[in-house]
Amino acid sequence: METGREGIVEILGWEHLKDKERSDVEELLLQSVRKLEPAYWNGVKVMEDSIYGAFSFHEEGNGERQIASAAFLWKGRDFILAVLQDERGIFQQMELAGGQAPFQEMEAEERIEAVFERILKRGQQKVREMEEYLIDMEREIVVGKVSRNRNRTIFECKRLLSVWKNDYRQFLNIVEGINGLEQKKEDAQGHILTEESACYLRVYENKIRRLTEETQFLYEELVHIREALDAALTFEQNRIMKMFTTVSAIFMPLTLIAGWYGMNFSGMPELLWRHGYAFVWILSVFVVLACVWFFKKKDLF
């Protein structure tokens, strides 16, 4: 437990919370988690003049979907976060979220803000990396580096962005719920959070909303990338078909010549001509060269 003159801020593992000697606030959080089961319920509600909330995020690792989930109890300057599941270590380095100052040296409000900022910065980093990846993908498609495996990649990006979008929207609803509950308490001549924390959460709500909108924008951008890929694949197929058509058109006159002089009628004047074979050979070469020149002039070859 980390205590300060202005409040108590804890980040505890679930097993640690169950085994340790608990304060009244910690006991309330433990019972709330057992009662509401965060695996099936995410959101916020008032619990004995405190705000209880539970949330989860889904991560991709080693080809498997991994979950980070937590529950918290918040009242004034007291904030307890119980890490229920953290397969990717989202909460393991929470002490690094406060910038240069160590987590233990911060004021109570700063520690609470550091917890929420850690979640925000991780989401911003993932969205920024995804944006750069999609830009590189679109650039390769534009320059002609087309692969049918791109469809699978686009599908995976779409699925991942859909998961992120749902997670951030859920977390946005939680932040909006905290602000709404605090506003109701304030209207009823009461407060759950400090004035500093309430002000921070109003600003934080806008940050999470922008992150959700950015995720939605990238999700929609995948539609344009998919259209660009389809257009590039169609163009490549048309280019190949044009080449095959051009080659076929070059050999069609040769087929006509071969068929014409392959009839072997007795009345054909070239049949007994000693230079007949050379004439047909030169004629065929001339026809091929003429066709190549014509198609190149028309930019068809």
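Nothing in this text is a laboratory measurement; each read-out follows from the coordinates by a stated rule. Small disclaimer: the values here were computed from a predicted structure and weren't measured. Every residue, glycine among them, receives a Cβ derived from its backbone with ideal geometry; neighbour counts consider all protein chains shown.
Some notes on this structure:
- The chain: angle of helix 24-36 to the longest principal axis, Cα-based, in degrees nearest 10: 40 degrees
- The charge dipole of the range 194-263, taken about its Cα centre with unit charges on the Cβ of Lys, Arg, Asp and Glu (plus for the first two, minus for the last two), comes to roughly 460 debye.
- In degrees, nearest ten, helix 276-297 long axis to first principal axis of the chain (Cα): 30 degrees
- Positive-end residue of Leu73, Val247, Ser147, charge dipole of the chain with Cβ unit charges: Val247
- Applying a threshold of 25 Å to the alpha-carbon distances of Lys184/Lys207; Lys75/Lys126; Lys145/Lys242; Lys121/Lys145; Lys75/Lys165 flags Lys75/Lys126; Lys121/Lys145; Lys75/Lys165 as lying beyond it.
- Inter-probe distance in nm under a simple model that places probes 7 Å from Cα toward Cβ, at Val285 and Trp260: 1.9 nm
- Option label - volume of the Cα convex hull per residue in Å³ computed here, alternatives (i) 238; (ii) 201; (iii) 140: (ii)
- Extension gain, His275 back to Arg148 (0.36 nm per residue minus Cα-Cα distance, nm): 40.4 nm
- FRET efficiency, 1/(1 + (r/R0)^6) with R0 25 Å, evaluated for Glu48 and Asp19 via beta carbons: 0.60
- Eligible aspartates and glutamates near Lys18 by straight Cα distance, threshold 20 Å, same-chain separation 8 or greater: Glu2, Glu10, Glu26, Glu27, Glu37, Asp78, Asp86, Glu87
- Cβ-derived FRET efficiency at R0 30 Å, Gln124 paired with Cys199, nearest 0.05: 0.90
- Unit charges at the beta carbon, dipole of the range 186-235: most positive-side option, Leu193, Ile225, Thr212: Ile225
- Over the chain: helical MRE at 222 nm, DSSP H runs n ≥ 4 each giving -39500 (n - 2.57), nearest 500: -21500 deg cm²/dmol
- Only Lys, Arg (+1) and Asp, Glu (-1) charged, at Cβ; the chain dipole about Cα centre in debye: 2480 debye
- Helix 108-142 vs. the chain, principal-axis angle (Cα, 0 to 90°, nearest 10): 0 degrees
- The distance between label points at Trp41 and Glu176 comes to 2.1 nm (points 7 Å beyond Cα on the Cα→Cβ vector).
- Each Lys or Arg adds one and each Asp or Glu subtracts one; over the other residues with Cβ under 13 Å from the Cβ of Glu220, this totals -2.
- You can think of it this way: the chain between Arg65 and Phe244 has 59.8 nm of extra reach, that is 0.36 nm per residue less the Cα-Cα gap.
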